[in-house]
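Below: one structure, written as structure tokens.
The values are calculated or read from the model by the stated rules, or taken from the named source; none is laboratory data. Computed from a predicted structure; not experimentally measured. Here the Cβ positions follow ideal geometry from the backbone for every residue, glycine too, while neighbour counts run over all protein chains shown.
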Amino acid sequence: MEFRFDIVKEYAYLFLEGTLLTIGLSLAGIVIGLIMGLFIGIGKLSKNKWINIPLDWYITFFRGTPLFVQILLIHFGAVPFIIGDTNAIFAGITSLSLNAAAYIAEIFRAGIQSIDKGQMEAARSLGMNHSESMLHVILPQAVKRMIPPLGNEFIVLIKESSLLAIIAVPELMYWGRAMQGQYYRVWEPYITVALIYLVLTLTLSKLLNFVERKWATG
């Protein structure tokens, strides 16, 4: 079967716009997810059951149900309930952020728990309170161990952002489906989309490997 480069060229600027939006959505999801995940992960370490149990339910729900279902619930249910109307971009960022936060919270929790308890005791003996000890002693050490799993989560998030096409977010996969629907051809749109995702994930992997090496030798 002949590969039609002419229709790929026709959609090139749309693929570029979709790629930029995919990157933006993924960045927003990972930044918000990092902030939420940090507080949820620390909250999970609390011995207060009124804090610990709801956070455990949150993590269980978002890790135990498909992101696809979460996107539909948030887009058609939660967002219209909150703002009175639906918005695909807002729903997309919300879905990615809430999902990422659940996984990142567990990464933070595991990273913090991997640090010897003596580090906290030593910091407290120097006059630091719990928050200062966590910020200046525990987290800097834990972050080194968390870089690989956090990087993997970002890579996964880039790929999972393709599910937002189902709610008409004009990201990369959306335009691949649009080309397929217009020309009734499969190879051109989906091979192009797959190659773009591959470039994005490989580039990010190289960047994360560089950061990990620099942090390890820093």
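Here Ala178 meets each of (1) in contact with a helix residue (DSSP H, G or I) (Cβ under 7 Å, 6 or more places away or on another chain); (2) surrounded by 14 or more Cβ atoms within 10 Å (Cβ to Cβ); (3) not basic (Lys, Arg) with one exception, condition (1). Checking each residue in the stretch 87-124 for being free of Cβ contacts under 8 Å to residues at least 60 places away in the same chain and closer than 24 Å to Ser162 by Cα picks out Asn87, Phe90, Thr94. Quick check on the stretch 151-160. Is at least one of its residues modelled with pLDDT under 95, surrounded by 15 or more Cβ atoms within 10 Å (Cβ to Cβ), farther than 25 Å from Phe68 by Cβ and small (Gly, Ala, Ser)? There is no residue in the stretch 151-160 that is modelled with pLDDT under 95, surrounded by 15 or more Cβ atoms within 10 Å (Cβ to Cβ), farther than 25 Å from Phe68 by Cβ and small (Gly, Ala, Ser). When the test is whether a residue is closer than 22 Å to Leu38 by Cβ and assigned to a helix (DSSP H, G or I), Pro140 passes it.
Scanning the stretch 30-72 for residues that are over 27 Å from Ser131 (Cβ atoms) and touching a helix residue (DSSP H, G or I) at 6+ places or on another chain (Cβ under 6 Å), which turns out surrounded by the most Cβ atoms within 10 Å (Cβ to Cβ)? The extreme case among them is Ile71. Scanning the stretch 111-136 for residues that are part of a helix (DSSP H, G or I) and closer than 19 Å to Leu34 by Cα yields Gly111, Ile112, Gln113, Ser131, Met134, Leu135, His136.
Just to be sure, is Ile147 within 15 Å of the chain's Cα centre (by Cα) and more than 26 Å from His75 (Cβ to Cβ)? Against the criterion (within 15 Å of the chain's Cα centre (by Cα) and more than 26 Å from His75 (Cβ to Cβ)), Ile147 qualifies.
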